[in-house]
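Accompanying notes for the structure given below.
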Amino acid sequence: MTDSRDGPDTPDEILVDQAKAGSEVALNRLVSRHHQTAYRVALGIVRDPELAADAAQDGFLKAIQALDRFRGDARFRTWLLTIVGNEARGQVRKRGRRRESTLDDAGPVADRAVAVDDGVVVADEARRARRLLEELPEKQRLAVQLRLDEGLSFREVGEVIGSSEGAARVNYHHGIKRLREMMWKS
Amino acid sequence: MSERCATIQDQLPDLAAGRLGEAARAGVEVHLRGCAACSEAFETLSLLAAAPVEAPAGLEERIQAAVRSESAAARGADPLADARPSPGRTRLGQRRRWMAPAWGLAAAAAVALLMGRTLLPSADSEPDLLAMADGELPVLLEDDAMVAGALVLDGLSDDDLALLLEELER
């Protein structure tokens, strides 16, 4: 059996090949690498931490079940996030509701006191920005999140949210603009 | 928005998240000093980047356990042998494996019941097979439980399913 103890920087594509060959180590590494992203994408859709964790898990399971069909046309992460996103939307449909969540509900938020321009960001202000982000329409919210938090290109953002690259870019820019307006209004 | 601003704004998330290389960063920062619109967008992104949302503790291990079990089941091994069930959550693979024979039989029964009810002549209506083909049966098939009748049976408890199976085996 192929193993994957050949370094933390092993590309996803290699890990996927190893996982297809039955390597549990490779599977574990893929989960370690992408569970945070999967959770955040799910949370961006279901807006409920418990449902988001379930959707992330079920999305991973469906991806593993379909791993043999993954041909590498897209990056593994984009492919996985698309599955997680569909899973999350399916959960929303099944539950027939979207529970509005506060940021406190949404899982731990790490405080990073970073310098912005000429001042230090107050953690409360950063939390407020996250809370307001939750109020954006889904595609705008996900476009901002996927571009900022996950570093996806606009083409990849489009694949995950089900739109073209151009529409993903527009959603992102509208999201930032609207968020900016909301921050100064409230 | 000018073309230059559009190019810069595309890079702002990477700058805010610390992913931008040194040379590109220097170029963007020069632009930010002279452009209020881009600076404001960057400030917003920096605030968001300062409060990243993190998955709950234990989610990684929980998913790994579920994936391990799913993988073992797919290879034909007994997933329960080294199962580490996640708290409060049935593993997809474990549930599917346990229920596979039950779903097959029970789904067949449910479909037979449904078809029987639809096809039996009644006093006031003719069976409408076209309507059923157009709209009703596909509803049963669209759920990811992947079996016809899943929606009908979804509400049944494990005990109810066991009883149904016993009935079918008689």
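Every number in this text was worked out from the coordinates using simple rules, so none of it is lab data. Bear in mind the structure is a predicted one, so any value in this text is a computation, not a measurement. Note: ideal-geometry Cβ built from the backbone for every residue, glycine included; neighbour counts use all protein chains shown.
Values for this structure:
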quantity	calculated
Shielding by partners - mean other protein chain Cβ count within 10 Å, residues of B:67-73	5
Test item: A:134-145 mean partner chain Cβ contacts at 10 Å	1
Built amide H within the under 5 Å cut-off of residue B:53, gap 5+	none
Mean Cβ neighbour count within 10 Å, used as a protection proxy, ranking A:140-151, B:43-54 highest first	A:140-151, B:43-54
Under Karplus coefficients 6.51, -1.76 and 1.60, residue-wise ³J(HN,Hα) of region B:49-62 in Hz, glycine/proline x	5, 7, 10, x, 7, 10, 5, x, 4, x, 5, 4, 5, 4
Spacing of the two label points (7 Å from each Cα toward its C-beta) at residue A:177 and residue A:164, in nm	1.8
Normalised contact order of region B:1-59, rounded percent, pairs of Cα under 8 Å and 6 or more residues apart	39
Neighbouring partner chain Cβ atoms per residue of B:56-62, average, 10 Å criterion	6
Sequence ranges B:24-33, A:157-166, ranked by mean other-Cβ count within 10 angstrom, highest first	A:157-166, B:24-33
Alpha carbon centroid spacing (whole Å) that separates region B:45-61 from region B:1-28	23
Residue A:93 paired with residue B:23, simple spin-label distance in nm, labels 7 Å along Cα-to-beta-carbon	4.8
Across A:139/A:185; A:94/A:177; A:62/A:177; A:20/A:94, pairs whose alpha-carbon gap is larger than 26 Å	A:94/A:177; A:62/A:177; A:20/A:94
